[in-house]
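First comes the structure, then the notes that go with it.
The values are calculated or read from the model by the stated rules, or taken from the named source; none is laboratory data. In this text, all values refer to a predicted model and were calculated from it rather than measured experimentally. Cβ placement follows ideal geometry from the backbone for every residue including glycine, while neighbour counts extend to all protein chains displayed. Calculation scope for accessible area: heavy atoms of the full protein, side chains included, ligands and nucleic acids excluded. Shrake-Rupley method; radii C 1.70, N 1.55, O 1.52, S 1.80 Å.
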Amino acid sequence: MKRIGMLTSGGDCQALNATMRGTVKGLQNLFGEVEIYGFIDGYKGLVYGNYKKLKPEDFSGLLAKGGTILGTSRMPFKEIDNPMPDGTEKVPAMKKTYKDLKLDALVVLGGNGSQKTAYRLSQEGLNVIGLPKTIDNDIYGTDYTFGFQSAIDVATHAIDCIYTTAESHSRIFVMEIMGHKVGWITLYAGIAGGADVILLPEMPYDIKKVYKAVEKRVKEKHFAIICVAEGAIPKDIAKLPKKERKAKLAESTYPSVAYEIADKMREKFDSDIRVAIPGHTQRGGAPDAYDRFISSRFGACAAELIKKRDFGKLVVLRNNEVVAIPMEESAGRLKYVDLDNQAIENAKTLGICFGD
Ligand code: F6P
């Protein structure tokens with residue numbers, strides 16, 4: 001009987017359950033009998049040996065269920081060698097739990113930081129497989145992370161809803177889309193929702209260019225939609241050295257970037273200006289069809305890797321093929337929106353302003 005540990009770590013997303021279901025179905029078909037040790041609330045459960053013993057049937061009916069049946073939490077990698085508040089040393093405790101339970105493998109569904117920890121555990125000798133989770137789509141080495149498409153769908157729907165009310169009231173809306181470090185969701189949803197301006201963390205903006213684009217749009221259509229990623233920054237701040245930049249950003253008294261941009265719009269335009277933030281709805285609800293499709297395939301690949309005892313691997317999507325790469329290829333690197341991305345070029349052809 002194979003004994004497989006599993007955990008979900010970091011911010012949740014729509015297809016965590018679907019991916020676990022895919023993995024367990026694959027394991028059941030490849031091994032016959034399998035016992036799953038589902039750690040509660042991410043790595044915390046592994047540290048404290050807090051788990052649910054699960055059977056394959058416990059994963060039945062989860063394909064379309066959002067969230068995670070195991071619970072999740074954040075355990076930043078930069079603090080991995082700092083003890084827990086009660087003094088427990090994290091890595092030794094995780095290794096002990098793994099050994100005490102006589103696990104054959106540990107499957108980690110997580111984003112960047114969580115995959116760094118997974119890689120560390122693999123270096124410490126545990127049999128680890130990583131699965132690329134995050135709505136942000138920013139894990140290096142994969143074309144796609146599960147959760148991304150569902151988040152785009154939610155954000156696009158939010159833009160659609162704002163579009164009609166913005167048009168009725170002839171208003172300017174600033175919509176804030178998730179993504180502190182990368183702007184993938186904002187880029188995709190912004191284009192899909194027909195935004196007039198898209199502001200990404202990777203492309204610092206010049207507010208004068210944004211004014212110009214909004215002015216043109218308001219003249220033509222009387223309303224405008226600006227989609228801004230959580231981490232978008234103006235050019236003058238972006239060019240400061242890291243320390244000064246951080247200090248400058250920390251000085252802001254706005255609740256978030258959308259409010260700051262809305263205020264800048266108020267300085268320039270007479271129109272009504274409003275802010276709309278879909279926030280965590282972008283991570284909630286059911287996974288869409290594409291996320292279910294790809295999560296099922298990611299899960300199958302994880303099961304195959306365990307069968308082959310091919311550990312220390314991260315499951316990824318490359319050119320529409322689900323494959324596995326060594327964890328060290330991805331760990332510690334972010335996948336930013338590349339500035340020569342064709343989608344940006346296409347969007348500019350459509351007249352969308354990036355403020356650059
Ligand atoms: O990493 C996923 C993500 O949703 C980001 O897009 C967002 O910036 C962040 O998590 C929000 O984190 P929290 O759930 O801790 O508020």
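Things to note:
- Filter result (among the hydrophobic types (A, V, I, L, M, F, W, C) and away from the ligand (no atom under 16 Å from the Cβ)) within the stretch 199-220: Met203, Ile207, Val210, Ala213, Val214, Val218
- Scanning the stretch 162-188 for residues that are of a type in the set (Phe, Trp, Tyr), within 16 Å of the ligand (Cβ to nearest atom) and surrounded by 24 or more Cβ atoms within 10 Å (Cβ to Cβ) yields one hit, Trp184.
- Selection count, the stretch 249-269, where residues are assigned to a helix (DSSP H, G or I) and surrounded by fewer than 15 Cβ atoms within 10 Å (Cβ to Cβ): 5
- Filtering the stretch 120-154 to residues that are more than 15 Å from Thr186 (Cβ to Cβ), among the β-branched types (Val, Ile, Thr) and touching a Pro at 6+ places or on another chain (Cβ under 8 Å) leaves Ile139, Thr142, Thr145.
- Subset of the stretch 113-124 [surrounded by fewer than 23 Cβ atoms within 10 Å (Cβ to Cβ) and of a type in the set (S, T, N, Q)]: Gln123
- Failed criterion for Ala331 (all others in (1) hydrophobic (A, V, I, L, M, F, W, C); (2) surrounded by fewer than 18 Cβ atoms within 10 Å (Cβ to Cβ); (3) under 19 Å from the mean Cα position of the chain (by Cα) hold): (2)
- Residues (of a type outside the set (A, V, I, L, M), surrounded by 14 or more Cβ atoms within 10 Å (Cβ to Cβ) and within 17 Å of Arg274 (Cβ to Cβ)) located in the stretch 196-243: Asp196, Arg217, His222, Phe223, Cys227
- Residue check, Ile159 closer than 30 Å to Leu63 by Cβ, within 16 Å of the ligand (Cβ to nearest atom) and buried (at least 18 other Cβ atoms within 10 Å of the Cβ): no
- Of all residues in the stretch 125-156 being surrounded by 20 or more Cβ atoms within 10 Å (Cβ to Cβ) and among the acidic types (Asp, Glu), the one that is nearest to Pro92 (Cα to Cα): Asp138
- Matching option when the condition is closer than 30 Å to Asn29 by Cβ, out of contact with any Asp or Glu (no Cβ under 6 Å at 6 or more places or on another chain) and crowded, with 19+ Cβ neighbours inside 10 Å, among Pro278, Pro287: Pro287
- Residue that is nearest to Pro132 (Cα to Cα) [pool: residues in the stretch 297-310 that are in contact with a helix residue (DSSP H, G or I) (Cβ under 7 Å, 6 or more places away or on another chain) and open to solvent by less than 40 Å² (accessible area, probe 1.4 Å)]: Phe298
- The residue pairs whose first member lies in the stretch 173-184 and is among the aliphatic types (A, V, I, L, M), whose second member is part of a strand (DSSP E or B) and open to solvent by 10 Å² or more (accessible area, probe 1.4 Å), and whose beta carbons are closer than 8 Å, counting only pairs six or more residues apart or on different chains, are Val174/Arg274; Val174/Val275; Val174/Ala276; Met175/Val275; Met175/Ala276; Val182/Leu334.
- The lone exception for Thr19 - which of (1) surrounded by fewer than 18 Cβ atoms within 10 Å (Cβ to Cβ); (2) touching a Gly at 6+ places or on another chain (Cβ under 7 Å) it fails: (1)
- Verdict on Val47 being touching a residue at least 24 places away in the same chain (Cβ under 8 Å), closer than 21 Å to Pro287 by Cβ and open to solvent by less than 50 Å² (accessible area, probe 1.4 Å): no
- Leu249 satisfies every condition listed in (1) modelled with pLDDT of 95 or more; (2) within 16 Å of the ligand (Cβ to nearest atom) except (1).
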